[in-house]
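What follows is a set of notes on a single structure, which appears directly below.
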Amino acid sequence: MGEQTSEQKRHAAEHAATFIESGMVVGLGTGSTAVHMVRRLAELLRTGQLRDIVCVATSNQTEDEARSLGISITTLEAHPVVDLTIDGADEIDPQLNAIKGGGGALLREKIVAQASRRFMIVVDASKPSPQLGTHWALPVEVIPFGWGTQRTFLTDLGAEVKVRSRADGQPFQTDQGNMILDCRFGPIAQLHQLNDQLNRRVGIVEHGLFLDLVTDLIVADKDGLRHIKR
């Protein structure tokens, strides 16, 4: 990651934190962009600019980071409606549909997004795309049992499928103990059709197509910040 890209992520994430108000239930995303927002939120709480905030984390990693910074963590059982979730994305199109899951937290991220009144995506200039799948493979989370049948199914749909691995070569494991198959479809012309095909398949737990969920997009590029609303 270049220094400019990292700075754009930080700038966008810290701007997103300005939309958090005292008393809110806030969804905390996962990944490098979300970390900047979590740290900024902790600073606003520490200095008293925000108070009475409780947060729902979308991964164990984010929860650990937030707790270490003194942020109060809750659950969707205690707070089933989230006021605002702020998260990153791997790719996002002009209609504010996104591919997410590069950090492996797509299942929890989508659950929290669906529970949110407002779902704000924060990205640097490399993430907007004319069509999803142009630059990024689609993560598909599958249960370990029979995962090879899912690979065959996804290959038959036209994807080049790769099992996500850890640095030591072992299969990556999500917080739920599932596997991720990264599926390179190329530009996806029929997003909703693919969404429906994946949703109907037993053994596929979730996938990284986030369609009709994003309410706000904040993009940081060399010219500054852009805020796009659905």
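Rounded to the nearest 500, the helix-only mean residue ellipticity at 222 nm of the chain stands at -9000 deg cm²/dmol, with each DSSP H run of n ≥ 4 adding -39,500 (n - 2.57).
With each label modelled as a point 7 angstrom along the Cα→C-beta vector, the Gln131-Phe172 pair spans 2.5 nm.
Could you tell me the number of lysine pairs in the chain with C-alpha atoms less than 18 Å from each other, where the two lysines are 8 or more residues apart or belong to different chains?
Lysine pairs, 8 or more places apart or on different chains, close enough: 8.
A full extension of the chain between Leu225 and Val81 corresponds to an added length of 49.0 nm, given 0.36 nm per residue minus the alpha carbon distance. Quick one: go through segment 85-114 and flag any residue whose amide nitrogen is under 19 Å from the point 7 Å out along the Cα-to-Cβ line of Ile73. Within reach of a label on Ile73, which here means backbone N under 19 Å from a point 7 Å along Cα→Cβ, segment 85-114 contributes 85-88, 103-113.
For the chain, the membrane-span-like helix rule (DSSP H, alpha carbon extent of at least 15 Å along the helix axis, mean Kyte-Doolittle at least -1.0) picks out 32-46; this says nothing about an actual membrane. Working ranking of peptides 216-223, 44-51 by packing, defined as the average number of other Cβ atoms within 10 Å per residue, highest first, is 216-223, 44-51.
What fraction of the Cα pairs in the chain, stated in percent, has a spacing above 24 angstrom?
43
If you take every DSSP beta bridge whose two residues both sit in segment 138-205, what share of them, in percent to the nearest 5, is antiparallel? The antiparallel proportion sits near 100 percent. Extents of segment 138-205, largest first, come to 35, 23, 20 Å (Cα atoms, principal axes, whole angstrom). Taking the Cα centre of segment 113-167 as origin and assigning +1 to Lys and Arg Cβ atoms and -1 to Asp and Glu Cβ atoms, the resulting dipole is close to 240 debye. Ranked for footprinting exposure by Cβ neighbours inside 10 Å, fewest first, Glu160, Glu63, Glu77 give Glu77, Glu160, Glu63. When both bridge partners sit in the chain, DSSP labels roughly 55% of those beta bridges antiparallel.
We did not get these values from a lab; they are worked out from the coordinates using the rules stated. Computed from a predicted structure; not experimentally measured. In this analysis, Cβ positions are derived from the backbone assuming ideal geometry, glycine residues included, and neighbour counts consider all displayed protein chains.
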